[in-house]
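Peer 1: Supplied in structure tokens, the structure appears directly below.
Bear in mind these aren't lab numbers, they're just calculated from the coordinates by the rules spelled out. Being a predicted model, the structure only gives us computed values, none of them experimental. When we count neighbours, we look across all protein chains shown, and the Cβ atoms used for this are built from the backbone with ideal geometry, even at glycine.
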Amino acid sequence: MLIPHPLLGLRDAQEFTYLGDATLLNRPDPQSETADAAFHDYVYLRDNPAGVHRELWFHDAGDRSWLVVTRDTTTHEILGAELARDVKLGITA
Amino acid sequence: MTDLTPRTALGATAARNETIGAYLIEENTELGLASVAIPAETIPPVLFGLTLPKPGHLTLEIDGKFAIWTAPNQWLFATDGDAHQDCAALVKSKIAMAYITEQTDAWVAFKVSSQTSGQINTLLERLVNLPETATDTGKATRTNIHHMSVFVLRPTSTQVTFLGPRTQAGSLWHVLETTLRQQRANSGALS
């Protein structure tokens, strides 16, 4: 499986480590009144879609960047990859 | 006073080198290294006349100094022949706004040189799972070789340098040595 690294081009998935759902980037505010419920959902609940899924991959044996990879879980087709930093900062979609 | 003798990463008193077929592998024990990271959204500084390279590249050598892109806003600065110097201090004297860490004894450098670029490409085909464009002349990138995380530097077409973790020096040398021996055996069998 090849991952299209936004800076380095196509790279073998062996260079990466998978973390999980990209919603992990959206950490709830621990100061909010609903923090308990929000953290319960954040830590334990995940969608498990059959189809397009956005997930976090770490370029472990490369430039050590975190990527948000969009992958179709039914075909394993990789539809795109962005730097997680850019996603978090709202620089890309 | 204690009389200490410095040892190389491979446990010898002198750098190792070996000729196998058309290739020469040389250990470079004289490479000073420091990592340089700058805050996001700042302009990369020019360091000893070196314009810090873009992703996947390394600079040409100026007075034995060169730089490798390692990550967004991060580079590895190298000074050949200066491993005994405090490389981080050297860099710190030139840039104020940067996070600089000495890396000299963290890595081993093994240079493989050959007569033709084709021979180096043939070796890289066996060693790294990367498209040829990622290891063209002027490129430097990090990847896996035999489960070791290694920088592959291609300063010239007939030369490639592998920067590997110092603790895995023996394993990395073994990979290069056995791959080249195998290549020599195969070319002998074919001719």
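Peer 1: Please list the non-local residues whose amide H lies under 5 Å from the amide H of B:I145, H modeled 1.01 Å from N, same-chain partners needing a gap of 5 or more.
Peer 2: B:V150
Peer 1: Quick check: Cα centre of region B:59-91 to Cα centre of region A:43-77, how many Å?
Peer 2: First find each Cα centre; the distance between them is then 35 Å.
Peer 1: Can you check what the net charge comes to around A:R46, using other residues whose Cβ is under 11 Å from the Cβ of A:R46 (Lys, Arg +1; Asp, Glu -1)?
Peer 2: After counting each charged neighbour, the total is -4.
Peer 1: Now for a separate question. Output the 0 to 90 degree angle, nearest 10, between the alpha-carbon long axis of helix A:35-44 and the longest principal axis computed from the alpha carbons of chain A.
Peer 2: Relative to chain A, helix A:35-44 is tipped by roughly 30 degrees.
Peer 1: Sticking with this structure for a sec: Take every residue in peptide A:3-15, count the Cβ atoms of other chains within 10 Å of its Cβ, and give the average of those counts. Kindly include the intermediate steps, with their values, before the conclusion.
Peer 2: Values: counts 0, 0, 2, 2, 6, 8, 7, 4, 6, 6, 0, 4, 6.
Counting other chains' Cβ atoms within 10 Å and averaging over A:3-15 gives 4.
Peer 1: Scan chain B and hand back the longest stretch that contains none of the trypsin sites (Lys or Arg not before Pro) lying in DSSP loops with at most 14 other Cβ atoms within 10 Å.
Peer 2: Values: sites that count: B:R7, B:K94.
The answer is B:95-191.
Peer 1: Considering chain A as a Gaussian network with a 10 Å cut-off on Cα pairs, which listed residue, A:D72, A:D47, A:D63, attains the greatest mean-square fluctuation?
Peer 2: Looking only at A:D72, A:D47, A:D63, the largest GNM fluctuation is found for A:D47.
Peer 1: Considering Cα pairs under 8 angstrom that are at least six residues apart, work out the relative contact order of chain A and quote it in whole percent.
Peer 2: Here the relative contact order equals 27 percent.
Peer 1: Still on this model: In whole Å and largest first, what semi-axes does the C-alpha gyration tensor of region A:2-89 yield when each eigenvalue is scaled by 5 and square-rooted? Please list the in-between numbers first.
Peer 2: Working: eigenvalues 137, 49, 20 Å².
Semi-axes (√(5λ), whole Å): 26, 16, 10.
Peer 1: In addition: What's the angle, to the nearest 10 degrees (0 to 90), between helix B:117-127's Cα axis and the longest principal axis of chain B?
Peer 2: Approximately 90 degrees, to the nearest 10.
Peer 1: Applying the Karplus parametrisation 6.51 cos²θ - 1.76 cosθ + 1.60 with θ = phi - 60° to the phi angles of region B:86-102, what ³J(HN,Hα) value in whole Hz is obtained for each residue in order, glycine and proline being reported as x?
Peer 2: Calculated HN-Hα couplings, in order: 7, 5, 4, 5, 4, 6, 4, 5, 9, 10, 8, 8, 7, 9, 10, 10, 5 Hz.
Peer 1: Loop-only check: which GluC sites (Glu not before Pro) in region B:29-97 are DSSP coil with at most 12 other Cβ within 10 angstrom? Spell out each step's value before the answer.
Peer 2: Values: sites: B:E30, B:E41, B:E61; in loops: B:E30, B:E41, B:E61.
Counting only loop positions with at most 12 other Cβ atoms within 10 Å, the GluC sites (Glu not before Pro) in region B:29-97 are B:E41.
Peer 1: Jot down the per residue volume, in cubic angstrom and as a whole number, of the convex hull over the alpha-carbon atoms of the protein assembly as shown. Walk me through the numbers before you get to the answer.
Peer 2: Working: hull volume 53.4 nm³, N = 284.
So the per-residue hull volume is 188 Å³.
Peer 1: Gain in length, B:E18 to B:M148, computed as 0.36 nm per residue apart minus the alpha-carbon separation, to one decimal in nm?
Peer 2: Result: 44.6 nm gained on full extension.
Peer 1: Can you give the Kirkwood hydrodynamic radius of region B:65-170 from its Cα pairs, in Å with one decimal?
Peer 2: Numbers: mean 1/r = 0.0674 Å⁻¹.
Roughly 14.8 Å, rounded to one decimal.
Peer 1: At a threshold of 8 angstrom on Cα-Cα distance, excluding pairs fewer than six apart, so keeping six or more, what relative contact order does region B:17-190 reach in percent? List each step's numbers first, then the result.
Peer 2: Numbers: 347 pairs, mean separation 41.5, N = 174.
Computed value for region B:17-190: 24 percent relative contact order.
Peer 1: If you don't mind, another one. Give me the percent of Cα-Cα pairs in chain B that sit more than 24 Å apart, rounded to a whole number. Provide the component values of the computation, followed by the final result.
Peer 2: Details: 7296 of 18145 pairs.
So the portion of pairs separated by more than 24 Å is 40 percent.
Peer 1: So how tilted is helix B:169-190 from the main axis of chain B? Cα-based, degrees 0 to 90, rounded to 10.
Peer 2: Compared with the principal axis, the helix lies near 30 degrees.
Peer 1: Ok, one more. Calculated from DSSP H runs of 4 or more alone, at -39500 (n - 2.57) each and per residue, what is the 222 nm mean residue ellipticity of chain B, nearest 500? It would help to have the intermediate numbers written out before the result.
Peer 2: On the way: 3 runs with 39 residues, N = 191.
The helix contribution divided over chain B gives -6500 deg cm²/dmol.
Peer 1: 7 Å from Cα along Cα→Cβ at both A:F58 and B:T178: what's the point-to-point distance in nm?
Peer 2: Rounded to a tenth, the inter-label distance reads 2.8 nm.
Peer 1: Most fluctuating residue of B:S171, B:S117, B:S93 in a GNM of chain B with Cα springs under 10 Å: which is it?
Peer 2: Checking each option, the largest mean-square fluctuation is seen for B:S93.
Peer 1: Could you check which residue among A:V52, A:V43, A:V68 shows the biggest mean-square fluctuation in a GNM of chain A with a 10 Å Cα cutoff?
Peer 2: A:V43
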